[in-house]
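Report on the following structure.
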Amino acid sequence: MNDLNLKDKVAVITGGAGIICSTMAKSLAAQGVKTVILDLNIEAAVAVAKEIEKEFGTPSMGVSASVLDKKSLEAAKKEIHAKFGPVDILVNGAGGNSPAATTKIEKMDGTETENLEDTFFGLQIEGFDKVFDLNFKGTVIPSMVFATDLIKKKSGVILNISSMNSYRPLTKIAAYSAAKAAVNNFTQWLAVHFSKTGVRVNAIAPGFLLTNQNRFLLIDEKTGGLTARGKKIINGTPMERYCIPEELTGTVIYLVSDLSKFVTGVVIPVDGGFSAYSGV
Ligand code: NAD
């Protein structure tokens, strides 16, 4: 097998204090990567960094910044340069959905003429802004800030975090689905734009995990069991279970290492067969 060529590389993981991305950061640390846990929530970011240093013995730092605020990212970059030097890997992990951009019902049946609140017509444009900003612009802006390091080094990798929704939208979550489709499109665009620079750009499209952003849709608050929607996901996933964050890390290592040296502009599903299944 090729050398992964990851030891002592510097990786910035946005949303790194979250459930999925803290696991991704740990998988990088296990390969000797110096990890930067960049998050709005600085206490949680520092806690993850400390955990990583203790568990893997590789340097890690928590940094406070918003993926939507270029100035805060530039300030974070200075801090990172002072401690670890230039960045080699950027994982654009910050993302999520919002109830304000989620319809209450899945399909209209034409009888809702008096009460449109639960349908498409009740969605809040502010919710769309929030979800588009976080998932799409929150991928574009950190790429603008950190990829200059990669371009200067003529090597490095950007890994975007997409979703199953990007291929075919899930009911209810119009903005999140469209924003993740935009992430796929941008992954291809930037991969082509950087293709002669030595910098690769790819994405991973996880299937369904039970996390903070979707718990309100998938777990019944009263019973603690799966909602009808939660069960539908299981029925739509041939492996008949939810993904756990650790199951994403093999694909992460593949995409950020020299194992995928000639791979750029791809979005790899890690979904227990969801995208392959017709439901019949
Ligand atoms: P999470 O909510 O556990 O973590 C998200 C992290 O991002 C949090 O620590 C939060 O503080 C941080 N964050 C939020 N806004 C930020 C901002 N403006 N700047 C910097 N940091 C910010 O999320 P998760 O469920 O671990 O999801 C991580 C990624 O995976 C997201 O892009 C999500 O869309 C994607 N994803 C999740 C699922 C799933 O089933 N949970 C499936 C597919 C893809």
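Just need the relative contact order of the chain here, percent rounded to a whole number, with Cα pairs under 8 Å and 6+ apart. Dividing the mean separation by the residue count of the chain yields 18 percent. With the alpha-carbon atoms of the chain aligned to their principal axes, the span from lowest to highest coordinate is 60, 40, 38 Å, starting with the largest. Any chance you could tell me what percent of the C-alpha pair distances in segment 197-280 go past 17 Å? That tail contains 56 percent of the Cα-Cα pairs. Spatial offset of segment 21-81 relative to segment 174-193 amounts to 24 Å, using the alpha carbon center of each.
Which of Lys70/Lys196; Lys26/Lys180; Lys54/Lys152; Lys9/Lys153 have a Cα-Cα distance over 22 Å?
As for pairs spanning more than 22 Å Cα to Cα, those are Lys70/Lys196; Lys26/Lys180; Lys54/Lys152.
Shown in residue order for segment 58-65 are the 3J(HN,Hα) couplings computed by the Karplus curve 6.51 cos²θ - 1.76 cosθ + 1.60 at θ = phi - 60°: 10, x, 8, 9, x, 9, 9, 6 Hz (x for Gly and Pro). Given points 7 Å out from each Cα along the Cα-Cβ axis, report the Ser155 to Asp258 separation in nanometres with one decimal. Here the answer is 0.7 nm between the modelled labels. Whole-Hz Karplus values for segment 155-168 come out as 6, x, 9, 10, 10, 8, 9, 9, 6, 4, 4, 5, 7, 9 Hz, taken residue by residue from phi with 6.51 cos²θ - 1.76 cosθ + 1.60 and θ = phi - 60°; glycine and proline positions read x.
Full extension of the chain segment joining Ser275 with Glu51 gains 77.2 nm, where the gain is 0.36 nm per residue of separation less the Cα-Cα distance. If only the Cβ of Lys and Arg carry +1 and only the Cβ of Asp and Glu carry -1, the dipole of the chain around its Cα centre is close to 860 debye.
Extension gain for Glu246-Thr119 works out to 42.1 nm (0.36 nm per residue, less the C-alpha to C-alpha distance). Cross-link partners of Lys154 among aspartates and glutamates, defined as those whose alpha carbon lies under 15 angstrom from its own and excluding same-chain residues fewer than eight positions apart: Asp88, Asp258. For the peptides 122-135, 212-225, 174-187, the ranking by packing is 174-187, 122-135, 212-225, with the highest mean count of neighbouring Cβ atoms within 10 Å listed first.
The phi-based Karplus calculation (6.51 cos²θ - 1.76 cosθ + 1.60; θ = phi - 60°) puts the 3J(HN,Hα) values of segment 178-186 at 5, 5, 6, 4, 5, 4, 4, 4, 5 Hz, whole numbers, x for Gly and Pro.
No value in this document is a laboratory result; all are computed from the given coordinates. Model, not experiment: these values are computed from the prediction. Don't worry about glycine lacking a Cβ; one is built from the backbone with ideal geometry, like all the others, and counts go over all protein chains shown.
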